[in-house]
Amino acid sequence: ATGAPAWKSERYQPAYGTPAPFSAAGKEFLATIKNDGLVILGAADGKTHASEEWKTRFSTNANTPIIRGDQIFISTGYGRGCALYQFSGDSLEPIYTSKNMSNHMSNCVLVGDHLYGFDGNTHTGHTRVLKCLEFSSGEERWSQAGLGIGAICAAGDRLIILSEKGELVIARASPEKFSPIQRAQASSGRHWNVPVLSNGFIYLRNAAGRLTAIDANPE
């Protein structure tokens, strides 16, 4: 109502990701990735409850934590990889760290017990691939090349995938294999923005700012 600050956190290095709200141990928290690493703040007062160092080359963390219950998944680019942590209310305990997923631009999406996202790692000799990982273990279930470093969102049990060059793919969210249902070249130019599904339309925006709307309503 007034614009007056309700609270301020400790000072951390800046970063690009969005804080993610969640509940644990009967309290409300915010998980955010600073360029220092993963930080857990109290939602009511901004107090730091836990932190874990997570640094990348070029000092750039640009992603948002994915939270299920009291478990927090993070993945960042430049080959840093991913990790899953357990939050107790006042500490973070690592469950695993892995090079299996390194989100450079777009976050993964979590559907059931599996993560789907674009990996920019080079340690396997393959670059810019779409992957499926098991959330609880970090194990890779499948990978699919040819889409560049695109962006992805989920709608129910469907994945809406936008390739780096503007190909739109609708696929089943299946850990068994990459399972496209429909795909078409929908836009031109470079695409790093997440596709948006709203009122039966899929909206795509390229790096030049050109917006494309796709009618996804069944006939």
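The values are calculated or read from the model by the stated rules, or taken from the named source; none is laboratory data. As the structure is a prediction and not an experimental result, all values here were calculated from the model. Cβ sites come from the backbone with ideal geometry, for glycine too, and all protein chains shown count toward neighbours. SASA here: full protein model, heavy atoms, side chains in, ligands and nucleic acids out. Shrake-Rupley method; radii C 1.70, N 1.55, O 1.52, S 1.80 Å.
Only one residue in A186, A155, A145, A171 is touching a Ser or Thr at 6+ places or on another chain (Cβ under 9 Å), hydrophobic (A, V, I, L, M, F, W, C) and more than 21 Å from G120 (Cβ to Cβ), so which one is that?
Working: A155 fails: touching a Ser or Thr at 6+ places or on another chain (Cβ under 9 Å); A145 fails: more than 21 Å from G120 (Cβ to Cβ); A171 fails: more than 21 Å from G120 (Cβ to Cβ).
Among A186, A155, A145, A171, only A186 is touching a Ser or Thr at 6+ places or on another chain (Cβ under 9 Å), hydrophobic (A, V, I, L, M, F, W, C) and more than 21 Å from G120 (Cβ to Cβ).
Among the residues making up segment 183-200, those that are assigned to a strand (DSSP E or B) and either on the phi > 0 side of the Ramachandran plot or open to solvent by 70 Å² or more (accessible area, probe 1.4 Å) (or both) are R183, Q185, V196, L197.
Of all the residues that make up segment 1-45, how many are outside any strand (DSSP E or B) and not β-branched (V, I, T)? Let's see the steps before the verdict.
First pass over segment 1-45, keeping only residues outside any strand (DSSP E or B): 1-19, 25-26, 34-36, 43-45.
Subset that is not β-branched (V, I, T): 1, 3-17, 19, 25-26, 34-36, 43-45.
Matching residues across segment 1-45 total 25.
For the criterion of being out of contact with any Cys (no Cβ under 9 Å at 6 or more places or on another chain), more than 24 Å from S163 (Cβ to Cβ) and at pLDDT 90 or above, P5 passes. Would you please name the residue that is most open to solvent (accessible area, probe 1.4 Å), looking only at residues in segment 76-90 that are at negative phi and at pLDDT below 95? Here the residue is D90. Set side by side, the residues I67, I40, I72 differ, and just one is over 15 Å from the mean Cα position of the chain (by Cα), β-branched (V, I, T), modelled with pLDDT of 95 or more and within 25 Å of G138 (Cβ to Cβ), which is I40.
State whether the residues of segment 115-132 include one that is surrounded by 18 or more Cβ atoms within 10 Å (Cβ to Cβ), among the small types (G, A, S) and closer than 30 Å to H49 by Cα. It would help to see each step written out before you state the result.
Of segment 115-132, the ones surrounded by 18 or more Cβ atoms within 10 Å (Cβ to Cβ) are 115-121, 128-132.
This time we only want the ones that are among the small types (G, A, S), so: 117, 120.
If we keep only those that are closer than 30 Å to H49 by Cα too, we end up with 117.
So far as segment 115-132 goes, yes, one or more of its residues are surrounded by 18 or more Cβ atoms within 10 Å (Cβ to Cβ), among the small types (G, A, S) and closer than 30 Å to H49 by Cα.
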